[in-house]
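What follows is calculated from the coordinates using simple rules that are stated; it is not laboratory data. If you're wondering where the values come from, they're calculated on a predicted model, not measured in any experiment. FYI the Cβ positions are ideal-geometry reconstructions off the backbone, even for glycines, and counts take in every protein chain you see.
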Amino acid sequence: MIRIRNLTHIYPGSRKVAPHVAVSDLSLEVGEGEFAILSGPNGSGKSTLFRILCGLARPSAGQVSIAGFDLLTEPARVREVMGVVFQSPAIDKQLTVAENLAIQADLYDIPAADYRARRDRALAWTDLGGRLDNRVETLSGGLARQVELAKVLMTDPRILLLDEPTTGLDPVSRRNFLEALQRLQRERGMTVLMTSHVFSEAEDVDRVAIMREGKLMAYDTPQALRAMIGTEMVVIQSREAKVLAGRLEAELGLTASVVGDEVRLAETENGDSLPLLEKILQRYRPDIRSISIKQPGLDDVFVRVTGAASGQE
Ligand SMILES: Nc1ncnc2c1ncn2[C@@H]1O[C@H](COP(=O)(O)OP(=O)(O)OP(=O)(O)O)[C@@H](O)[C@H]1O
């Protein structure tokens, strides 16, 4: 449904700045009706890839086809099937919800006879019922984002591209927004590709892509990605996490990564972390605030794959 083949994007540079390869020979497919998340540390090339996919930038090399249409040679066909929710608001906050949706209908030449039905169908995926006459500036951040979604849904897309749509939302609004997307996927067979750096959002999706320095480092189901790390890991909270990690590596020969005030240890060889936990507790107790065994999450995968600390909620 979204097929990216050997995509490369090079920013040309200038006399003072060298050319920069922002996307490097990247290939990736999102199947029909799949929900995929694209993540990566700052500067890894997500925005560049997103801009290419929504037709705002032309790649230096490679092909992209969307619903079987070539992005470069059939952009109008692609626009017919794809809806894009950008990070920066694309609605007029001074206008009401209904006025914003009416403008979208005008822009896309939606026949007047279809307008109400389309509008009501789009709103059915949101929590905006009864808010049609409210000015967007009076809505919460979460509902305002849902207006963006409703606006895009007015055009009946089969594919949705979203750029960090939940940034700045509180956890409840974020969950509501994601639930709307998941229902669209489940009940309408929508294909969804969304950039995000919040890994709790990625735990339930079909596939997660992790980019680093323009390259696709991993692309798999959340389960398969978590399995890369093992079944369980020891996590220690410490005021001096870096110092403790250094000591654990030097004195016990362990592999440790530091995320904030946490030291996370790679899986033990026999997979049983309890003896290791006891040993660490006996030796380093004064340096430890808490110690536990946990199943690896996607944030651990991210740290392993990119070498960067993951985005925090
Ligand atoms: N117009 C530009 N000219 C030159 N280099 C650029 C340009 N835009 C981005 N870059 C560089 O390309 C690389 C990828 O940038 P991009 O914005 O795609 O990354 P990102 O993963 O979206 O980062 P973020 O999460 O910070 O938005 C970065 O090193 C960035 O500095």
Review point. Looking only at 181, 139, 216, which one moves most when the chain is put into a Gaussian network model with springs between Cα atoms under 10 Å?
Key: 139
Check your understanding: So how far apart, in nm, are the two label points at residue 29 and residue 95 if each is 7 Å from Cα heading toward Cβ?
Key -> 4.0 nm
Review point. Which log10 I(q)/I(0) values, to two decimals, does segment 245-284 give at q = 0.19 Å⁻¹ under the Debye formula with one point per Cα?
Key: -0.54
Review point. Nearest 10 degrees, 0 to 90: what angle lies between the long axis of helix 97-107 and the longest principal axis of the chain (Cα atoms)?
Key: 70 degrees
Revision key, fill the gap. Helix 241-252: inclination vs the chain longest Cα principal axis, degrees, rounded to 10, gives 50 degrees
Review point. Highest mean first, what order results for 147-157, 185-195, 9-19 on Cβ atoms within 10 Å?
Key: 147-157, 185-195, 9-19
Check your understanding: Dipole size in debye (nearest 20) for the chain around its Cα centre, Lys and Arg Cβ +1, Asp and Glu Cβ -1?
Key -> 600 debye
Review point. Can you give the convex hull volume per residue for the Cα atoms of segment 165-295, as a whole number of Å³?
Key: 151 Å³
Review point. Given the Cα-Cα distance of residue 279 and residue 21 and 0.36 nm per residue of separation, how much length would full extension add, in nm?
Key: 88.2 nm
Revision key, fill the gap. In terms of the charge dipole of segment 231-295, which places +1 on Lys and Arg and -1 on Asp and Glu at the beta carbon, the residue among 243, 276, 265 farthest towards the positive end is 243
Exercise for review: Only residues of segment 214-239 count here: report those whose backbone N is under 20 Å from the spot 7 Å along Cα→Cβ of residue 249, or say none.
Suggested key: 229-230, 233-239
Point to revise | Proximal aspartates and glutamates relative to residue 294, as straight alpha-carbon distance under 19 Å, when same-chain residues fewer than 8 apart are discounted | key: 201, 203, 204, 232, 261, 262, 267, 269, 272, 278, 313
Review point. For 110, 288, what's the fewest-to-most ordering of other Cβ within 10 Å of each Cβ?
Key: 288, 110
Review point. Helix 274-284 versus the longest principal axis of the chain: what angle, 0 to 90°, nearest 10, using Cα atoms?
Key: 70 degrees
Review point. Counting Lys and Arg as +1 and Asp and Glu as -1, each charge on the Cβ, what is the dipole of segment 1-50 about the Cα centre in debye, to the nearest 20?
Key: 400 debye
Exercise for review: First obtain the Kirkwood hydrodynamic radius of segment 2-225 from its Cα pairs, then insert it into the Stokes-Einstein equation at 10 °C and 1.306 mPa s, and state the resulting D in µm² per second as a whole number.
Suggested key: 87 µm²/s
Check your understanding: Contour minus end-to-end for residue 175 and residue 124, with contour as 0.36 nm per residue of separation and end-to-end as the Cα-Cα distance?
Key -> 16.7 nm
Practice item. Just subtract the alpha-carbon distance of residue 80 and residue 133 from 0.36 nm times their residue separation and send over the number in nm, one decimal. Key: 16.2 nm
Review point. Taking amide hydrogens as modeled 1.01 Å from N in the peptide plane, which residues meet the under 5 Å criterion relative to residue 23, leaving out close sequence neighbours?
Key: 9
Study note, to complete from the structure: Residues whose modelled amide H sits under 5 Å from the amide H of residue 38, counting only those 5 or more places away in sequence or on another chain, are 194, 195, 196, 209
